[in-house]
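In what follows, a structure is listed as structure tokens, so that the remarks can point back to it.
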Amino acid sequence: MKVIAFDADDTLWVNEPYFSEAEQHFCQMMENFLPIHSTSQELFKTEMDNLDTYGYGVKGFMLSMIETATRISKGTIGLDGIERILAIGKELIHKPIEILPGVEDVLETLSQKYRLVVATKGDLLDQERKLAKSGLEKYFHHIEIMSNKKEHDYLKLIHHLDIQTNEFLMIGNSLKSDILPVLAIGGHGIHVPFHTTWEHEQVSHQIIHENFREVNEMLEILDFL
């Protein structure tokens, strides 16, 4: 193993609970038009329809909320409503960075033996801001903000790092984005589950693979490395 890559959101720091909170505020705001659960379903559908256009991150989420609100209100949401949605999004952007337990100890230990990189999806400016505010940037050799996390995206990263696929380990909370594509190209993956996972990232089947490990918490990674 030469390079260890870490996902950022819900692997290094808390993220999804903040999005869930923002979604709840949006759904409550739209309660005069649809029940909360129905609005949540409509928003998720809009997000999925827009992924190829907006990608991942807060800005795409804000635009999807505006589109959903316009649709379910039949255009009556008005400027005041749009301003409220923008306020929800801006509050989400400025949430504090909460480093997850064990993260800094693991990074400090592993950085002495391996090249560490961040490999994460999301909006470039937002992820750069979060990394800078986290104080963790000093541990990483390279930062890769990816538009997506599919097999060819990881192959491009590995080629850039000038290593072989079997010299690459990905650590993250999403089986779908962080683990399965890396295993498929011959790399290694360690899954660190997070208590809240976006519906789009959920995987229901069990993974059995010689290059796969799952731990209950970040510090357990040191038992393997």
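Let's see how each residue does on (1) acidic (Asp, Glu); (2) touching a residue at least 40 places away in the same chain (Cβ under 8 Å); (3) buried (at least 19 other Cβ atoms within 10 Å of the Cβ); (4) within 26 Å of Ile143 (Cα to Cα):
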{"position": "Val3", "(1), (2), (3), (4)": "no, yes, yes, yes"}
{"position": "Asp7", "(1), (2), (3), (4)": "yes, yes, yes, yes"}
{"position": "Pro35", "(1), (2), (3), (4)": "no, no, no, no"}
{"position": "Leu43", "(1), (2), (3), (4)": "no, no, yes, no"}
{"position": "Glu67", "(1), (2), (3), (4)": "yes, no, no, no"}
{"position": "Pro101", "(1), (2), (3), (4)": "no, yes, no, yes"}
Study note, to complete from the structure: For helices (runs of 4 or more DSSP H) lying entirely in the stretch 79-184, having 3 or more residues that are within 21 Å of Val14 (Cβ to Cβ) and modelled with pLDDT of 95 or more picks out 103-110
Check your understanding: Given the conditions (1) at pLDDT 95 or above; (2) among the β-branched types (Val, Ile, Thr); (3) within 29 Å of Ser134 (Cα to Cα), and given that Thr53 satisfies all but one, which numbered condition is not satisfied?
Key -> (1)
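Can you tell which of Leu131, Leu86 is surrounded by fewer than 17 Cβ atoms within 10 Å (Cβ to Cβ) and among the aliphatic types (A, V, I, L, M)?
Exactly one residue qualifies, and that residue is Leu86.
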Study note, to complete from the structure: For the stretch 109-130 the number of residues that are more than 18 Å from Ser174 (Cβ to Cβ) and either hydrophobic (A, V, I, L, M, F, W, C) or in contact with a helix residue (DSSP H, G or I) (Cβ under 7 Å, 6 or more places away or on another chain) (or both) is 6
Check your understanding: If you go through the stretch 51-65 one residue at a time, how many are in contact with a helix residue (DSSP H, G or I) (Cβ under 7 Å, 6 or more places away or on another chain) and either surrounded by fewer than 16 Cβ atoms within 10 Å (Cβ to Cβ) or of a type in the set (Ser, Thr, Tyr) (or both)?
Key -> 2
Practice item. Could you run through the stretch 33-63 and say how many residues are assigned to a helix (DSSP H, G or I) and closer than 13 Å to Phe19 by Cα? Key: 9
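The values are calculated or read from the model by the stated rules, or taken from the named source; none is laboratory data. Keep in mind it's a predicted model, so treat the numbers as computed, not measured. Note that each Cβ is placed from the backbone with ideal geometry, even for glycine, and that neighbours are counted across all protein chains shown.
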